[in-house]
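Novice: Got a structure for you, written out below as C-alpha cells; questions coming shortly.
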C-alpha cells in the first residue's frame, strides 16, 4: 500500500504505519485461508471419473452431483454477504471453513449418490460463507486507489488454490491409493483447518478493532458517499440493500457478465481433467498434470487483471473485460481443433489467463458498493458467478454426451462474445442511487 502526496488517509504517521501493517495481515491471512479452502471445493472435479466408476454411475450424473455445490453456493452468496455484515464477518467465516471440512470428511464415507449430493450441496452453502465477507473486510482496510490490487491479490490466492488442490489430490492418491476417490475428501482438509487457526489470530474486521478510526479516502466525495450509505444501511431493514442494488441496471448487467465468467471458469475447471482422461486416454494422474496449466493461467490473471485496471486503465474496468473476452473467444475456438496433449495444455494456459475475469469483477463490486455495501455487492455478483457455474455443471455433461467435447468449448467461446457486448453496454452506465 502506497500513499501519494504524503497522504496517510487521515492518520498520524504512527497510526498509518499500524494501519498499513494490519491491512497486510488481513489481506495475507484471508488469502492463505481461502487458498486452502478450495481443497474442500475443487477436489471433486479431479476425481469425477473415478467416483462414477466406483459408485456405478455416469459422468453426466456426477456432473449433476457436482452442480449441487454450485446451486447452494450461489444462493448462499446471495444472502451470506449480508448475513456476515449482520452477525460479524470473522466468526461467520470461521464457521463456514470448519463446517466445510466436516462435510467433506463425511462424504468420504458415503456410498449413496443422493446422500453425497445432499452433503455436497450443504458444503456449497458453507463454502459461500467466506468470500463475500472477506472482500467486504478488505474494502475496510484498502482505499479505493489500491482496491484493485487488494482484490486482485486475494483473487490470485484463489487461483493458486486451484493449483494447490491439484497437487494435494495427487499427493493424497500417492499416499493412500487404496482409498481411491475418497482420499480427495480426507487429507486435503488438514491444511485447511490448520490455516484456520492462523486466520483466527491475524484477521481483524475493521480499523476500529485495533483502536483506529476508519481511513479517509483521497476523494472526499467517496468518503461522504460511504458515510451516507453506512448511515442509510443502519436505519433500513435487512433486505433494503437488495432492493437498492437490483434497481440499478448496471448491477443487473454485471450479474450477467458474472454468470458468463462462472460458466467459463468452472466449465473449464470441471471438465478439462475429465476431457484429458476420456478424450485423450490419459490416466487420472496424467490428466491432472496436463490440466494444471489452466489454473496456473487463471491465478496469473486473477492478480494481473485488477492491477492493470488500476495502473494502466486508471480504475476503468471495462477495457480489460473487453480484451479478455475477445482473446477467450478465439482461444476456445482454437482449442476445439487441438488434438495433441502438449498443444492443448499450452492453449489452456492462454485461455486460463484470458477467461479469468472475476478479479476485475470484485474490483467493480468494491467500486459500486464502497465500504458500506461491498460485501453485499460481492455476494450478489458471486451468486451470479455460481449460477453460471451450476448451469454449466448440469448442462455441459449432457452437451458432451450428445454433441461431443468440441461443443462445450465452442459454447464457452460464444458466451464470451456475449460478455463483450454486455461490457460495452456497461461502459457508459452510471449508478443512479449509489
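Throughout, read-outs are computed from the coordinates displayed, never taken from laboratory work. The shown structure was predicted, so the numbers you read here are calculated from the model rather than taken from an experiment. Note: ideal-geometry Cβ built from the backbone for every residue, glycine included; neighbour counts use all protein chains shown.
Novice: What is the helix-to-structure angle for 89-107, meaning the angle in degrees between its Cα long axis and the longest Cα principal axis of the chain, kept from 0 to 90 and rounded to the nearest 10?
Specialist: In the chain, helix 89-107 runs at an angle near 10 degrees to the longest axis.
Novice: What is the packing order of peptides 296-304, 326-334, taking the mean over residues of other C-beta atoms within 10 Å and listing the highest first?
Specialist: For the peptides 296-304, 326-334, the packing ranking is 296-304, 326-334.
Novice: Counting other C-beta atoms within 10 Å, which of 86, 416 has the fewest, and how do the rest follow?
Specialist: Lowest to highest Cβ neighbour count: 86, 416.
Novice: Hey, what did the stretch 4-426 get for relative contact order, percent, Cα under 8 Å, at least 6 apart?
Specialist: So the answer I get is 26 percent.
Novice: Same structure again: Given a 10 angstrom Cα cut-off, can you work out which residue in 235, 29, 151 is the most mobile in a GNM of the chain?
Specialist: Maximum among the listed residues: 235.
Novice: While we're looking at this one, here's another question. Run the helix sum for the chain: -39,500 (n - 2.57) per DSSP H stretch of 4+ residues, divided by residue count, reported at 222 nm to the nearest 500 deg cm²/dmol.
Specialist: -26000 deg cm²/dmol
Novice: Could the peptides 13-24, 271-282 be put in order, highest first, of the mean number of other beta-carbon atoms found within 10 Å of their residues?
Specialist: Most protected by this proxy first, the peptides run 271-282, 13-24.
Novice: For the stretch 103-172, go through all pairs of different Cα atoms, get the mean of 1/r, take its inverse, and jot down that Kirkwood value in Å.
Specialist: Result for the stretch 103-172, one decimal place: 14.6 Å.
Novice: Another question, then. Just to confirm the number: angle between the C-alpha axis of helix 59-87 and the first principal axis of the chain, 0 to 90 degrees, nearest 10?
Specialist: 10 degrees
Novice: At q = 0.11, 0.13, 0.22 Å⁻¹, what log₁₀ I(q)/I(0) does a Debye calculation on the Cα points of the stretch 288-434 give, no solvent, two decimals?
Specialist: For the requested q values the scattering log ratios are -0.46, -0.64, -1.53.
Novice: To continue, here is another question. Using packing as a proxy for protection, rank 93-99, 236-242 so that the peptide with the highest average count of other Cβ atoms within 10 Å comes first.
Specialist: 93-99, 236-242
Novice: Here is a follow-up. Mind checking the angle between helix 220-235 and the chain's longest principal axis? C-alpha axes, 0 to 90 degrees, to the nearest 10.
Specialist: Here the helix axis deviates by roughly 80 degrees.
Novice: Assuming R0 = 45 Å, what is the FRET efficiency of residue 403 and residue 428, from their Cβ-Cβ distance, to the nearest 0.05?
Specialist: Plugging the Cβ-Cβ distance into 1/(1 + (r/R0)^6) gives 0.75.
Novice: How big is the Cα convex hull of the stretch 248-348 in projection, averaged over all directions, in nm²?
Specialist: 7.1 nm²
Novice: When 1/r is averaged over all different Cα pairs and the result inverted, which Kirkwood radius in Å belongs to the stretch 32-182?
Specialist: 16.3 Å
Novice: Cut-off 10 angstrom, C-alpha nodes, Gaussian network model of the chain. Which of 51, 167, 356 fluctuates the most?
Specialist: 167
Novice: Which whole-number percent gives the relative contact order of the stretch 2-148, counting Cα pairs below 8 Å spaced six or more residues apart?
Specialist: Computed value for the stretch 2-148: 30 percent relative contact order.
Novice: Ok, one more. What Kirkwood hydrodynamic radius do you get for the stretch 4-426 when you take the inverse of the mean 1/r over all pairs of distinct Cα atoms, in Å?
Specialist: After inverting the pairwise mean of 1/r, the radius is 21.6 Å.
Novice: Per 0.36 nm of contour for each residue apart, how much would the distance between residue 8 and residue 240 grow if the chain were fully extended, relative to their Cα-Cα spacing?
Specialist: Stretched fully, the residue 8-residue 240 segment lengthens by 80.2 nm.
Novice: Sequence gap at least 6, Cα distance under 8 Å: using those rules, report the relative contact order of the stretch 273-374 to the nearest whole percent.
Specialist: 36 percent
Novice: Along Cα→Cβ, 7 Å out, is where each label goes; now give me the distance between the ones at residue 25 and residue 213 in nm to one decimal.
Specialist: 2.2 nm
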